[in-house]
1. Applying the selection to region 204-240, what residues are hydroxyl-bearing (Ser, Thr, Tyr) and without any contact (Cβ under 8 Å) to a residue 60 or more places away in the chain?
2. For region 248-264: of the residues being within 19 Å of the chain's Cα centre (by Cα) and open to solvent by 20 Å² or more (accessible area, probe 1.4 Å), which is nearest to Val196 (Cα to Cα)?
3. Of all residues in region 29-60, which are hydrophobic (A, V, I, L, M, F, W, C) and touching a Gly at 6+ places or on another chain (Cβ under 9 Å)?
4. Please specify each residue of region 9-50 satisfying the condition of being open to solvent by 40 Å² or more (accessible area, probe 1.4 Å) and basic (Lys, Arg).
5. How many of the residues in region 25-62 are among the aliphatic types (A, V, I, L, M) and either without any contact (Cβ under 8 Å) to a residue 12 or more places away in the chain or over 28 Å from Met215 (Cβ atoms) (or both)?
6. Can you pull out every residue in region 267-279 that is open to solvent by 70 Å² or more (accessible area, probe 1.4 Å) and in contact (Cβ under 8 Å) with a residue 60 or more places away in the chain?
7. For region 99-113, what are the residues that are β-branched (Val, Ile, Thr) and either within 11 Å of the ligand (Cβ to nearest atom) or not in a loop (DSSP other than H, G, I, E, B) (or both)?
Amino acid sequence: MGGRVEGKVAFITGAARGQGRSHAVRLAEEGADIIAIDVCGPISSHTDIPPATPEDLAETADLVKGLNRRIVTAEVDVRDYAAVKAAVDSGVEQLGRLDIVVANAGIGNGGQTLDHTSEEDWTDMIDVNLSGVWKSVKAAVPHLLSGGQGGSIILTSSVGGLKPYAHTGHYIAAKHGVIGLMRTFAVELGQHSIRVNAVCPTNVNTPLFMNEGTMKLFRPDLENPGPDDLAVAAQFMHVLPIGWVEPRDISNAVLFLASDEARYVTGLPMTVDAGSMLK
Ligand SMILES: NC(=O)c1ccc[n+]([C@@H]2O[C@H](COP(=O)([O-])OP(=O)(O)OC[C@H]3O[C@@H](n4cnc5c(N)ncnc54)[C@H](O)[C@@H]3O)[C@@H](O)[C@H]2O)c1
């Protein structure tokens, strides 16, 4: 085990599973204690992927404790500012400080062109994937400021925050908005030595990507496409010969941005995209 974020405390949203869990484990491996929140339930318009559960969040906690790090968890919806603030306040009270924020929670449902997207889909997407990121950071900033030792904020955007794809315009709009949030927080907080960056993943092997809806979106030519069919189509998005990356590939970028190795890196939309932006 290394110590690249030894003694620091990280607040991570969407930590029950997928990338959020992986970020919690990776940062804990390198010495951080964790404040982990997740809604642990469905978002109303977002029915095509099974929701994360309280058991998933408990499993994240077990994995972090297994690394001999401390973790405080709470079931919180990032759309609820008061609840997010209460969770961060309580986590910092228990763990003593805050250094790192990873605003990762998000949903992703596609399939419609923008002119056919329902108001409910649009509103849920913007509320969770854009406003939820702003609320998570807003709740955390007072603790970074009062700590007086700077900090590192990492927002999860997407390759879809840097270029458009059809049939998922509400997601594209939210993720472009996250880049705007990242840049603005970076200029506002830089004077306090708080760095703000974004990770922009391509497809990641989590339930958000690896599901029936995505397979049908990528392979409308097939009646019942599976992961192998998805892999063939997804590979065309990339320069490197793969269809998707693993959560740990994103966690390694998060770890770098969180660590002092990145002490003068701020305002960066960091792609982990197998060359997707070259195409
Ligand atoms: N998987 C991909 O291909 C991909 C690619 C680029 C970016 N992303 C982004 O990465 C982030 C993590 O997604 P993932 O791939 O790990 O998917 P995931 O579905 O496995 O995990 C997302 C987590 O966020 C939680 N969450 C959702 N809405 C929430 C809310 N309102 N409040 C609190 N928690 C909430 C979920 O319960 C879940 O545990 C998202 O922001 C997503 O948009 C994913």
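1. Within region 204-240, the first condition is being hydroxyl-bearing (Ser, Thr, Tyr), and the residues that meet it are 206, 214.
Answer for region 204-240, where residues must be hydroxyl-bearing (Ser, Thr, Tyr) and without any contact (Cβ under 8 Å) to a residue 60 or more places away in the chain: there is none.
2. The qualifying residue nearest to Val196 (Cα to Cα) is Phe256.
3. Ala32, Ile34, Ile35, Ala36, Ile37, Val39, Ile49, Ala52
4. Arg17, Arg21
5. Start the filter on region 25-62 by keeping residues that are among the aliphatic types (A, V, I, L, M), which leaves 25, 27-28, 32, 34-37, 39, 43, 49, 52, 57-58, 61.
Now drop any that are not either without any contact (Cβ under 8 Å) to a residue 12 or more places away in the chain or over 28 Å from Met215 (Cβ atoms) (or both), which leaves 27-28, 32, 34-37, 58, 61.
So the count comes out to 9.
6. Here is the first cut: in region 267-279, the ones open to solvent by 70 Å² or more (accessible area, probe 1.4 Å) are 277-279.
Within region 267-279, just Met277 meets the criteria.
7. Within region 99-113, Ile100, Val101, Val102, Ile107 qualify.
Residue-wise test of (1) at pLDDT 95 or above; (2) surrounded by 20 or more Cβ atoms within 10 Å (Cβ to Cβ).
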| residue | (1), (2) |
| --- | --- |
| Gly177 | yes, no |
| Leu181 | yes, yes |
| Gly190 | yes, no |
| Thr202 | yes, yes |
| Asn205 | yes, no |
| Gly213 | no, no |
| Phe218 | no, yes |
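The values are calculated or read from the model by the stated rules, or taken from the named source; none is laboratory data. Just so you know, these numbers come straight off a predicted model, no measurement behind them. Positions of Cβ are backbone-derived with ideal geometry, glycine not excepted, and every protein chain shown enters the neighbour counts. Remember, those area values only see protein heavy atoms, side chains included, never the ligands or the DNA or RNA. Shrake-Rupley method; radii C 1.70, N 1.55, O 1.52, S 1.80 Å.
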